[in-house]
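Some notes on the structure that comes next.
The values are calculated or read from the model by the stated rules, or taken from the named source; none is laboratory data. Since this is a predicted model, take the numbers as computed values, not measurements. Using ideal geometry, Cβ is built from the backbone for each residue, glycine included, and neighbour counts are taken over all protein chains shown.
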């Protein structure tokens, strides 16, 4: 797996297939590790001449974690989105 650091945050990712082919981004939820993403789907897409980019969000797996901030308040986030923020 590869890593990229942006703005001091490190994210783990994997590019499968030819990067010159159209690339699809596979988002495996927001609480799961990269190694839980579906290999079969990525392999099938590669056979169909697509590349796939899958990654871990922050606070998952070996990507940068923010334990000191605790878990996000989902209800608060939903209220902010519904309020137009």
### Message
Just to be sure before I move on: is residue 15 in a strand (DSSP E or B) and modelled with pLDDT of 75 or more in the structure I sent?
### Response
yes
### Task
Tell me which residues, restricted to region 67-83, are exposed (fewer than 10 other Cβ atoms within 10 Å of the Cβ) and at pLDDT below 75.
67, 68, 69, 70, 71
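Where residues in region 29-61 are over 22 Å from residue 11 (Cβ atoms) and outside any loop (DSSP other than H, G, I, E, B), which of them is modelled with the highest pLDDT?
Filtering region 29-61 for residues that are over 22 Å from residue 11 (Cβ atoms) and outside any loop (DSSP other than H, G, I, E, B), the one modelled with the highest pLDDT comes out as 47.
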### Hey, residue 64 closer than 20 Å to residue 2 by Cα, at pLDDT 80 or above and not in a helix (DSSP H, G or I) or not
no
